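In what follows, a structure is listed as structure tokens, so that the remarks can point back to it.
The values are calculated or read from the model by the stated rules, or taken from the named source; none is laboratory data. None of these values were measured; they are calculated from a predicted model. Cβ coordinates were reconstructed from backbone atoms using ideal geometry, including for glycine residues, and neighbour counts include every protein chain displayed. Heads up: the accessible areas ignore ligands, DNA and RNA and are worked out on the full protein's heavy atoms, side chains in. Shrake-Rupley method; radii C 1.70, N 1.55, O 1.52, S 1.80 Å.
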Amino acid sequence: MAHLDTREKLAILADAAKYDASCASSGTAKRSSVGGKGVGSTEGMGICHSYAPDGRCISLLKILLTNSCIFDCHYCINRRSSNVRRARFTVDEVVRLTLAFYKRNYIEGLFLSSGIIGSSDHTMEAMVRVARTLRLEHDFRGYIHLKTIPDAAPELLEEAGLYADRLSINIELPTETGLARLAPEKNGVRIRGAMTGLKTAIDDNKDARKHYRSAPKFAPAGQSTQMIVGADGADDSAIMGTAQGLYGRFGMRRVYYSAFSPIPDASAVLPLVSPPLIREHRLYQADWLMRFYGFGVAEVQDATDAGHLPLDIDPKTAWALKQRGQFPVDINRAPREMLLRIPGLGVKSVNAVLRVRRQRRLDLADLGRLVRGIDKLRPFVIAADWRPVALADAGGLRATLVKPERAQLELF
């Protein structure tokens, strides 16, 4: 590996980290540095947020410890056989960079991942040393997210949880067959075993803190995972089934979906083009329905066409069009769970409907004041002055709900 200065390493290893989708810092315990106690904060004023071109938040210093790897996963740009420029940070360099970026108000924390060098334990030990040094030697109180190595020793994962807010382990691909074909050196059983270990440790810590408030926190923002979409043949129905299992079995705080990106010198077993980013967006919408709208995975799967979510309409509208017998819904009488299934009504809007209708009956104009647009709602609701008999039975209803495509304007 050629000698590189810190700036060159940062250019290589920050670019290599862009394939990690999980950078959200929500859910962590709040820490403050008010009064000159410690360095960093997960709350308050002055934190500078920036966004990647695809809209993702990159307010964390998001880097790899190294982009060298002993594994040869077909879809990974850092795989052993990849012809990319390699770099490697030392533990001290990552610590210095994190503190320097934080004190300049560029970031609110650190997201650290890594290729595997030497062994899983050797890599995980270095990542733990970064978090330990920041917390214990520099009293760093910002957010830390460590992408852990599933094959590492359990005691290293347990120590990582004492310093990091969130730990994550990539499930990599939605199906076992996809993992065996595209990442034969990784083992789905070991990945799930590591997830189980983290869930047990998080649950035990919550129980311990109920009895002993002095018990140290363990990964207070929980664990998350990420899967690649479009690299194997898994359809959206299979992806949502896997996601539901991850939420249920391992208590995931988030499952992230990352559309497969073609990489230089790609393997012949990979698709030639990446899936449309709108597919990734539809999966996040479906994921949202399961986590916040009370949809079961079977209901989300019912919204698919031949296993894939439609790209022209959102999953809730697609589901409603297939369940025409349940609509229109009377907004003045329906229970909350049915209101949440009306296309165009969000959680806040539903809560507002429930508050207002305790006082009086809502008409269509009232509903229009609670949502951004009433056109999408008309075929699916009954209000005090509205019953969409002809509109709800219209054969071409779907076509009226599809937004026309907008072309990006020329800026120059």
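Between the helical axis of 154-163 and the longest alpha-carbon principal axis of the chain there is an angle of about 70 degrees. Ligands, DNA and RNA are left out, and with a 1.4 angstrom probe the accessible area of the chain is 49 Å² per residue. Of all the options Lys103, Lys316, Lys62, the one that moves most in a Gaussian network model of the chain with Cα springs shorter than 10 angstrom is Lys103. Inverting the pair-averaged 1/r between distinct Cα atoms of the chain gives 23.6 Å as its Kirkwood hydrodynamic radius. Between helix 188-211 and the chain there is an angle of about 80 degrees, using the helix long axis and the longest principal axis of the Cα atoms. Using only side-chain charges placed at the Cβ, +1 for Lys and Arg and -1 for Asp and Glu, the dipole size of the chain relative to its Cα centre rounds to 1560 debye.
Here the gap between Asp312 and Thr200, fully extended at 0.36 nm per residue and compared with their Cα-Cα distance, gives a gain of 36.2 nm. For the range 315-401, the Stokes-Einstein estimate of translational diffusion at 37 °C and a viscosity of 0.692 mPa s comes to 254 µm²/s, using the Kirkwood hydrodynamic radius over alpha-carbon pairs. On the range 315-401, 49 percent of the accessible area sits on carbon and sulfur atoms, based on a 1.4 Å probe. When you restrict to C-alpha pairs under 8 Å that are six or more residues apart and normalise by the size of the range 315-401, the relative contact order lands at 32 percent. Sorting the segments 122-129, 210-217 by their mean number of nearby beta carbons within 10 angstrom, highest to lowest, gives 122-129, 210-217. For the range 65-147, the dipole from Cβ point charges (+1 on Lys and Arg, -1 on Asp and Glu) about the Cα centre works out to 220 debye, to the nearest 20. By the rule of a C-alpha distance below 15 Å, with chain neighbours fewer than 8 residues away ignored, the aspartates and glutamates paired with Lys9 are Asp92, Glu93. Shape of the range 341-382 from the C-alpha gyration tensor: prolate (a/c of 1.5 or more and a/b above b/c, with a ≥ b ≥ c the square roots of its eigenvalues).
For the chain, the longest principal axis of the C-alpha atoms and the axis of helix 6-16 are separated by about 40°. Take Ser113: with every protein chain present and a 1.4 Å probe, its accessible area is about 10 Å². Please report the antiparallel percentage of DSSP beta bridges with both residues in the chain, rounded to the nearest 5. If I count the DSSP bridges inside the chain, around 15 percent turn out antiparallel. Around the Cα centre of the range 315-401, unit charges on the Cβ atoms of Lys, Arg, Asp and Glu (plus for the first two, minus for the last two) sum to a dipole of about 300 debye.
Sorting 332-338, 244-250 by their mean Cβ neighbour count within 10 Å, with the most densely packed peptide first, gives 244-250, 332-338. With 26 Å as the limit on Cα-Cα distance, the pairs of Lys316/Lys403; Lys62/Lys348; Lys103/Lys348; Lys186/Lys316; Lys147/Lys348 that go past it are Lys62/Lys348; Lys103/Lys348; Lys186/Lys316; Lys147/Lys348.
Projecting the Cα atoms of Gly396, Ile191, Ile149 onto the charge dipole of the chain (Cβ charges, centred on the Cα centre) puts Gly396 farthest toward the positive pole. Size of the range 152-214 from its Cα atoms: along the principal axes, largest to smallest, the extents are 47, 17, 17 Å. GNM remark for the chain: springs join alpha carbons under 10 Å apart, and the peak mean-square fluctuation among Val189, Val297, Val381 falls on Val189.
Taking the charge dipole of the chain about its Cα centre, with +1 at Lys and Arg Cβ atoms and -1 at Asp and Glu Cβ atoms, the residue from Ala286, Phe260, Pro335 reaching farthest to the positive side is Pro335.
Accessible surface comparison of Leu156, Leu162, probe 1.4 Å, protein chains only, largest first: the order is Leu162, Leu156.
Put +1 on the Cβ of each Lys and Arg and -1 on the Cβ of each Asp and Glu in the range 315-401; which of Gln359, Pro379, Thr317 then has its Cα farthest toward the positive end of the dipole? Ranked along the dipole, the leading option is Gln359. Determine the relative contact order of the chain: mean sequence separation of Cα pairs under 8 Å and six or more apart, normalised by residue count, in whole percent. With pairs under 8 Å counted, the relative contact order is 11 percent.
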